Amino acid sequence: MAFVTEVVLFRARPGIAVETVVGAAEGSRAALAGLDGYIDRSFGIGADGLFGDIVRWRDLASAEAAATAAPALPGFDRFMQAIDGPSVRLYHFRSRSL
């Protein structure tokens, strides 16, 4: 099965606790999951404080539409406020299950 894997790497805004970022990510889950083409999502933090948000989408068009729609979704604003914008790196990969 082919799909698109979206990988977003970022750091928290200065002064924002890890628990706040994790809670905000959890609070955005339902809104994100309601978007067309959503498959699933994984979220984590590395020892160096770098967060990884990994979302699988049906196709690139779904991933791109979600990137446009997400900031306006209920519950997503809190997540966006916790993220240090300049640190964000976004990647899309054409993927398949092995």
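The values are calculated or read from the model by the stated rules, or taken from the named source; none is laboratory data. Just so it is clear, the model here is predicted, and its values are computed rather than measured. Because the Cβ atoms are built from the backbone with ideal geometry, glycine has one as well, and the counts that use them run over all protein chains shown. Heads up: the accessible areas ignore ligands, DNA and RNA and are worked out on the full protein's heavy atoms, side chains in. Shrake-Rupley method; radii C 1.70, N 1.55, O 1.52, S 1.80 Å.
Computed over protein heavy atoms with a 1.4 Å probe, the carbon and sulfur contribution to the accessible area of the chain reaches 57%.
Computed over neighbours whose Cβ is under 11 Å from that of residue 1, the net charge equals +3, Lys and Arg +1, Asp and Glu -1. So how tilted is helix 18-33 from the main axis of the chain? Cα-based, degrees 0 to 90, rounded to 10. Between the helix axis and the principal axis of the chain, the angle is about 30 degrees. Peptides 46-55, 22-31 ordered by packing proxy, namely the average of other Cβ atoms within 10 Å per residue, highest first: 22-31, 46-55.
Per residue, the convex hull spanned by the alpha carbons of the chain comes to 95 Å³. Charged neighbours of residue 89, selected by a Cβ distance under 13 Å, balance to -2 (K, R count +1; D, E count -1). Distance from the alpha carbon centroid of segment 60-98 to that of segment 19-37 works out to 10 angstrom. Distances between placed amide hydrogens fall under 5 Å for residue 50 paired with no residue 5 or more residues away or on another chain. In percent, rounded to a whole number, the relative contact order of the chain is 50, using alpha-carbon pairs under 8 Å and six or more apart. Counting charges near residue 76 (Lys, Arg +1; Asp, Glu -1) among other residues having Cβ under 15 Å from its Cβ returns a value of -1.
The Cα trace of segment 45-86 gives Rg and Dmax of 12.2, 33 Å, the first to one decimal, the second as a whole number.
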